[in-house]
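One structure is given here, and the rest of the page talks about it.
The values are calculated or read from the model by the stated rules, or taken from the named source; none is laboratory data. Since the model is a prediction, treat every value here as computed from it, not as a measurement. For neighbour counting, all protein chains shown are included, and Cβ atoms are generated from backbone atoms with ideal geometry for every residue, glycine included. Heads up: the accessible areas ignore ligands, DNA and RNA and are worked out on the full protein's heavy atoms, side chains in. Shrake-Rupley method; radii C 1.70, N 1.55, O 1.52, S 1.80 Å.
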Amino acid sequence: MNRRSLLTGGAATLAAVLLTNVAQSSVADEPGLEFIYEAVVTLEPTVEVGHTPLGTRRRVPITGGSFSGPNIRGRVLSGGADWQLQRADNWTVIEADYMMQADDGTLIHVRNVGLTNSRVPDARRRYLRTIPSFEAPDGPHGWLNQAVFVGTIGAPPPAAPKPSVRIRVYRVT
């Protein structure tokens, strides 16, 4: 075997090993989702604030609700609100701020920011995703402070009080 074939063969082998490691690395680094909870949040009717320089502002008062998942459950407290801003491009920015109380009494502050084109008539083309963040005291629910979460908002279950929405939250793993 001459020097050129040895180098060429060695380079090909090294490239194959590197590409395999990169492929394995990128698969291992791909985020996954872990279901955390589903909430049914009750609402008051939407209040039209009006047109502002940023778009059309709306406020949706949050009146309560409940949430449950494999490791956490409790109730949504009244007093929060979802501030919505419908932009000129017909997309709506969602900014909800409210409190939850776990069954063990722990109060958890939730800020859920998202984006939707829910006014699109074709339901198959609708998009509604959120990024909830939590502020929980140290203790059994402190893990909520230590991860990134994503959420969906959809129609409530048939037996849910109206008006209400169903929120599903997932931890990005």
Tabulated pairs, the range 87-110, first more than 17 Å from GLY139 (Cα to Cα) and in a loop (DSSP other than H, G, I, E, B), second open to solvent by 50 Å² or more (accessible area, probe 1.4 Å) and modelled with pLDDT under 95, C-beta under 6 angstrom, 6+ apart or interchain: none
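Residues checked against (1) over 15 Å from ILE167 (Cβ atoms); (2) of a type in the set (A, V, I, L, M, F, W, C); (3) modelled with pLDDT under 95:
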| site | (1), (2), (3) |
| --- | --- |
| ARG58 | yes, no, no |
| VAL76 | no, yes, no |
| TRP83 | yes, yes, no |
| ALA102 | yes, yes, no |
| SER118 | no, no, yes |
| ALA123 | yes, yes, yes |
| ARG126 | yes, no, yes |
| ARG129 | no, no, no |
| GLU135 | yes, no, no |
Selection from the range 19-50 of residues that are among the charged types (D, E, K, R) and modelled with pLDDT under 95: ASP29, GLU30
Let me spell it out: the conditions are (1) at positive phi; (2) open to solvent by less than 70 Å² (accessible area, probe 1.4 Å), and GLN101 meets all of them except one. Which number is the exception? (1)
Among the residues of the range 111-129, how many are in a strand (DSSP E or B) and among the polar types (S, T, N, Q)? 2
What's the total number of residues in the range 104-158 that are out of contact with any Lys or Arg (no Cβ under 8 Å at 6 or more places or on another chain), open to solvent by less than 20 Å² (accessible area, probe 1.4 Å) and not hydroxyl-bearing (Ser, Thr, Tyr)? 7
